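Enquirer: Take this structure, written in structure tokens, and hold onto it; I'll ask about it next.
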Amino acid sequence: MPQDISVRRLGLEESVSKAVQQLYDLDSNRLTPGEDYRINVQGSKKPYWTEDKAEEPLFSYVNERELQRPTYHSFISLLDNYSSETGEAEVL
């Protein structure tokens, strides 16, 4: 029988939640929802759906000036050599 390693059983649920909240609280570069960006949820997504059924983009607005903040600028810089194709080497 498989071992129960659930987050709840191990008592990690609260500590993981606290850790995520701590990271959020420490994020001095975070954007403000509704001000710096707007999300268009367009209904819902079922776990068993294998494709994205949304007709419109997830983000309806992003203040691109805010993407110059250090965290976002560094992340975007990493994407210039990213290839989503499996088995394809990255170009550095």
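Enquirer: Looking at this structure, is Y48 open to solvent by 100 Å² or more (accessible area, probe 1.4 Å), in a loop (DSSP other than H, G, I, E, B) and modelled with pLDDT of 80 or more?
Expert: On the way: open to solvent by 100 Å² or more (accessible area, probe 1.4 Å): yes; in a loop (DSSP other than H, G, I, E, B): yes; modelled with pLDDT of 80 or more: yes.
Yes, satisfied.
Enquirer: Enumerate the pairs (first residue in the range 9-24 and modelled with pLDDT of 85 or more; second residue anywhere and not in a helix (DSSP H, G or I)) with beta-carbon separation below 9 Å, excluding pairs fewer than 6 apart on the same chain, so at least 6 apart or on different chains.
Expert: Cβ pairs passing all conditions: Y24/R30.
Enquirer: Filter the range 51-75 down to the residues that are open to solvent by 80 Å² or more (accessible area, probe 1.4 Å), among the acidic types (D, E) and under 27 Å from L26 (Cα atoms) and list them by number.
Expert: The answer is E64, and nothing else.
The values are calculated or read from the model by the stated rules, or taken from the named source; none is laboratory data. None of the values given here were measured: they were computed from a predicted structure. Here the Cβ is made from the backbone with ideal geometry for all residues, glycine too, and neighbour counts use every protein chain on show. Quick note on the areas: whole protein, heavy atoms, side chains included, nothing else; ligands and nucleic acids left out. Shrake-Rupley method; radii C 1.70, N 1.55, O 1.52, S 1.80 Å.
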